[in-house]
Structures are given as C-alpha cells and as structure tokens.
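The values are calculated or read from the model by the stated rules, or taken from the named source; none is laboratory data. Given the structure is predicted, the values throughout are model-derived calculations rather than measurements. Counting neighbours? That spans all protein chains shown, and the Cβs are built from the backbone with ideal geometry, glycine included.
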Amino acid sequence: MKSVVITGSARGLGFCMAKLFREADYNVVISDLFEDKLVDAKNELEKIDSKGKVLYKVCNVTKSNDIGDLIDFSDENLGNIDIWINNAGVNQPDKAIWELSEKEIDLVLDVDLKGAIIGSKLIMEYMIKKKRGAIYNIEGYGSNDAMMLGLSIYGSSKRSITYFTQALAKESEERNTGVIVGRLSPGIMITDFITNALGNGEKIELPEKTKKVYNILGDYPEVVAEFLVNGMINNKKNNAHIEWLTTRKAAWRFMTAGFNKRDFFKEK
Ligand SMILES: NC(=O)c1ccc[n+]([C@@H]2O[C@H](COP(=O)([O-])OP(=O)(O)OC[C@H]3O[C@@H](n4cnc5c(N)ncnc54)[C@H](O)[C@@H]3O)[C@@H](O)[C@H]2O)c1
C-alpha cells in the first residue's frame, strides 16, 4: 500500500488532499503545528472508508528536527514514504515591504521557503536510500512573476520555490536518484489562508477589488485538491508541473465572469 505525508495538513488544501488520498486507499500521515487540530482532522479522515491507515504527527516545518522526526515516524509506522508534499504555508500581512517587521518577514521565509527547502533536503536523503519516491512543493502568488502590493515577501518565497523545485528536479535527474520532483500550482483557493494573514487567528478584511478577483479566479480547496491529487497519483514524470489555474483557464474565467456570478464572501 502506498503512503503519503503532507505538512500543514490539519486544514485547508493539505487536509483536502489527505481526504482524497485516503479515498484512493493510501496510508496518510497528516502533520501540523497543533495536536488538538490534528486529532480533529484525524477523526474526520477516519470517517472515510479506506484500506489505508491514517496517522498524525506534530511538525513545525521551521524546525529541522521536527521534519526529521516526521520522516522517521512515517517510515517506522508505514515502512515507506511514496509521496511527500511540502504544503505548510503562511500568508503575509497586507503591507508594503518596508512596513513589515523583521519578525513578519522571517516567518514567511522560514515557513514557506526554508521549510520546503529543508523538507525537500531531508526527504530526498531518505528517498535516495530507497531509490524511489516523489516530492511536491506548492507554488503560489509570485511563482509566475506576478506582483501586487502586500504580497511581496510571500511572492518572493513562492518565486524561489519554483526555481528551487526545478533545480531539485534537475539535480535528481543528473544524479539518477530515481526520485521524482514536481510543482503543484493551486491557483487561488478560498481558505483561512487568505482571510487570516499569519495564521494567528487575526482576521483580515480583504479590499473589495481583491474580493472581486477572488470571486472570478478562486475555487474551494476541495475542487483544486481533486485535480492535484489525481495529477500526483498518475504522475510518473520528473519535473512535473501540475497546474490548476492555467493562463487559458484564467482568461476564460474573466471572459465568462458576467454569466458566472460567484460570491465566496457573502455573509452566511
Ligand atoms: N489559499 C490560496 O489561495 C493559495 C494559493 C496558492 C498557493 N497556496 C499555498 O497552498 C498551501 C496551503 O495553503 P492553504 O490555503 O491550505 O492555507 P491554510 O492556512 O488553510 O493551511 C496551511 C496550514 O499550514 C500550517 N502551518 C503554518 N505554519 C506551519 C509550520 N511552521 N509548520 C507546520 N505547519 C504550518 C497551518 O497551521 C495550516 O494548517 C500553502 O503552501 C500556500 O502558500 C495557497
């Protein structure tokens, strides 16, 4: 039976991907910052009929020891890790670069960029020994060079993730490791991520202009996860780019926006 480990998976995209891997009979290891959130998520996942196991482990991706422990825990309990997804992420506050504190900048870079780099390094060492496996990193705003006030540090981290992941795929191929590396591009998803800047419970009110764009281009994470998980399960190629919101799809969404009125932000 195949196994998948997903960081930052107590909620949002990570949790939705965990559900779908479970439906596909994978063993699933979810991990995140807080045990109580993981217990709730595990209970939800256990409601899904599956031949696979579901396990959880606390892992703060800014701590390399935590990532190492997550790898050991998954290997000891499941015997192998077939797919590893560096999904954990934080958004940045909606401020210009010079208005951000050093602490706010550090957090975004430590989680979104360094967390994925160290995660990739450690799981690569593990998978090289096994001569197989797949590693996926998550792209985001900025990966395609887009720029917007209030997303510069996050965008810098995601632009770097794209370069880093392509470089890792190239090195894996040159060294003939047997490990494939790929990028997941989820577009825009309506998750806590976009309304809760740093994941600290503090809600941010999005500007009307931003809401308009999100209503046109955004999707619920369940929809995006289905596309991404199918892509990963079927992918055999190194350096794959599994992209939900392609330029063509985005253009179509804008063209048809007048007929497709969606409002993700309406008070329930
Ligand atoms: N929501 C979007 O529009 C969007 C778009 C493109 C890419 N992404 C990316 O998708 C991924 C998932 O985002 P989401 O929308 O599901 O966000 P989310 O906030 O719902 O989930 C992110 C998860 O990561 C966890 N996390 C935060 N810091 C962590 C740390 N140090 N260690 C471990 N876990 C940590 C959080 O607790 C949370 O459970 C992120 O990498 C994000 O950058 C999101």
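A few comments on the model shown:
- Any chance P221 is of a type outside the set (S, T, N, Q) and surrounded by fewer than 15 Cβ atoms within 10 Å (Cβ to Cβ): no
- Scope the stretch 21-34; condition away from the ligand (no atom under 12 Å from the Cβ) and surrounded by fewer than 22 Cβ atoms within 10 Å (Cβ to Cβ); matching residues: E23, A24, D25
- Residue in the stretch 86-101 that is within 19 Å of A225 (Cβ to Cβ), touching a residue at least 60 places away in the same chain (Cβ under 8 Å) and more than 14 Å from the ligand (Cβ to nearest atom) present: no
- Residue count, the stretch 65-83 (criterion: more than 17 Å from V179 (Cβ to Cβ) and acidic (D, E)): 4
- Filtered by the rule that a residue be of a type in the set (V, I, T) and either more than 16 Å from the ligand (Cβ to nearest atom) or within 18 Å of D112 (Cα to Cα) (or both), the stretch 172-190 gives T177, V179, I180, V181, I188.
- S74 of a type in the set (G, A, S) and either in a helix (DSSP H, G or I) or surrounded by 22 or more Cβ atoms within 10 Å (Cβ to Cβ) (or both): yes
- Only listed residue being touching a helix residue (DSSP H, G or I) at 6+ places or on another chain (Cβ under 6 Å) and either farther than 27 Å from E46 by Cα or in a helix (DSSP H, G or I) (or both), chosen from N91, N137: N91
- Qualifying residue in the stretch 61-69 (condition: free of Cβ contacts under 8 Å to residues at least 40 places away in the same chain, within 22 Å of I138 (Cα to Cα) and away from the ligand (no atom under 16 Å from the Cβ)): no
- Residue that is farthest from the ligand (Cβ to nearest atom) [pool: residues in the stretch 35-52 that are basic (K, R) and out of contact with any Lys or Arg (no Cβ under 8 Å at 6 or more places or on another chain)]: K51
- Condition check for Y154: part of a loop (DSSP other than H, G, I, E, B), among the aromatic types (F, W, Y) and within 16 Å of the ligand (Cβ to nearest atom): no
- Of the residues in the stretch 197-218, at least one is surrounded by fewer than 19 Cβ atoms within 10 Å (Cβ to Cβ) and modelled with pLDDT of 95 or more.
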